[in-house]
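Written out below as structure tokens is the structure these notes cover.
The values are calculated or read from the model by the stated rules, or taken from the named source; none is laboratory data. Everything quoted here is computed from the prediction, not taken from an experiment. Quick reminder, even Gly has a Cβ in these numbers, built from the backbone with ideal geometry, and neighbours come from all protein chains shown. For accessibility, only protein heavy atoms count, side chains too; no ligands or nucleic acids. Shrake-Rupley method; radii C 1.70, N 1.55, O 1.52, S 1.80 Å.
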Amino acid sequence: MNKNNLKTIIYLTLGYVLTAVAVVVMVNSNAGLSPWDVLHQGLSKTTGMTMGQASMLVGVIVIMVSVALGDNLGWGTIGNIFVPGILIDVINNMNIIPVTHSLFLGMIMTVLGLVIMAFATVSYLIPAMGCGPRDGLMIALHKKTGKSIGMLRAIMEIGAVIVGYLLGG
């Protein structure tokens, strides 16, 4: 294995691990979730699947729509569906991230989760092996419709929150 392949694996792995940690931190904060995690939580509560399984299911569906719209997949995109989903469940089952019911601590954990997620995103994007599934859908929709990325992302995020909320997230 050459040095570039090793660096790619390290960045992707770090990004996926941090993504899972960030999700579990925000879920355990009981103070707020990202829009897509509201959807994952709603699916989890409605179907009995785990948060990680719900994340993977949504990721697969989003990828299928993206490919149908002409988006190109990278290995990083595929990994971004399955590795964090599995790790979310592993980390959650290990009970290493505390659960809080304190609003103050919950807000701190939510902000910490957002910061961790920012580092995770940068880490898995550095190797340029493909973006996350939701980002790919946003780009594919932009290319198909010509609409602004900001507007499309806002519609996607609001839609995920609404559906997730209606499902109990």
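Things worth noting here:
- Odd one out for D135, checked against (1) within 17 Å of the chain's Cα centre (by Cα); (2) touching a residue at least 24 places away in the same chain (Cβ under 8 Å): (2)
- M138 open to solvent by less than 70 Å² (accessible area, probe 1.4 Å) and not in a loop (DSSP other than H, G, I, E, B): yes
- Test: residue in the stretch 64-80 that is open to solvent by less than 30 Å² (accessible area, probe 1.4 Å), at pLDDT 90 or above, part of a helix (DSSP H, G or I) and of a type in the set (G, A, S): yes
- Residue that is farthest from L18 (Cα to Cα), among those in the stretch 117-129 that are touching a residue at least 60 places away in the same chain (Cβ under 8 Å) and open to solvent by 30 Å² or more (accessible area, probe 1.4 Å): M129
- Filter result for I97 (part of a loop (DSSP other than H, G, I, E, B), of a type in the set (A, V, I, L, M, F, W, C) and surrounded by fewer than 20 Cβ atoms within 10 Å (Cβ to Cβ)): yes
- Members of the stretch 154-166 found to be open to solvent by 60 Å² or more (accessible area, probe 1.4 Å) and closer than 20 Å to A68 by Cα, listed by number: I155
- Residue count for the stretch 8-63, restricted to those that are touching a Gly at 6+ places or on another chain (Cβ under 8 Å), open to solvent by 40 Å² or more (accessible area, probe 1.4 Å) and not in a helix (DSSP H, G or I): 3
- Unmet criterion (only one of (1) closer than 13 Å to V27 by Cα; (2) assigned to a loop (DSSP other than H, G, I, E, B); (3) of a type outside the set (S, T, N, Q)) for L114: (2)
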